[in-house]
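Heads up: the structure comes next, in structure tokens.
The values are calculated or read from the model by the stated rules, or taken from the named source; none is laboratory data. Only a predicted model underlies this, so the values are computations on that prediction, with no experimental measurement involved. Backbone-built Cβ (ideal geometry, glycine too); neighbour counts: all protein chains shown.
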Amino acid sequence: MKASIPIAAPVVAAAVLAVPGAWAADAPAEPYGCGPYMMWGGGWYGMIFGPLLMILVLAAVIAAAALLVRWLGGPSQATAVGRMPIEILKERFARGEIDKDEFEERRRLLAG
């Protein structure tokens, strides 16, 4: 048995294909008015914000990465340098590097 195509199908297909052609015929040749010179007539000064924004975003990403690495790295060696002198003196006394008289003398100097 042979399949038959209804007669209305080619008519509908022709009507659907003809509609975009009708739209293109009504459209103006230059819908946005850019022409061959595009932005030479002015408006270029606004284009400086694109590169500036990219630089700012890149700087923010680098700063965030640096802060994240510092935060994940734990305490730095600077905490050992930032100790109080009396704590260092107590540690030296505890290790036996200085005797009791020297410890008392230096403690009085630090307190005074």
Within the range 43-61, is there a residue that is at pLDDT 60 or above and in a loop (DSSP other than H, G, I, E, B)? yes
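Any residue in the range 1-20 that is assigned to a loop (DSSP other than H, G, I, E, B), modelled with pLDDT under 65 and surrounded by 10 or more Cβ atoms within 10 Å (Cβ to Cβ)?
Let us first name the residues in the range 1-20 that are assigned to a loop (DSSP other than H, G, I, E, B), namely 1-7.
Add one more test, that the residue is modelled with pLDDT under 65, and what stays is 1-7.
Pick out the ones that are also surrounded by 10 or more Cβ atoms within 10 Å (Cβ to Cβ) and you get none.
Scanning the range 1-20 turns up no residue that is assigned to a loop (DSSP other than H, G, I, E, B), modelled with pLDDT under 65 and surrounded by 10 or more Cβ atoms within 10 Å (Cβ to Cβ).
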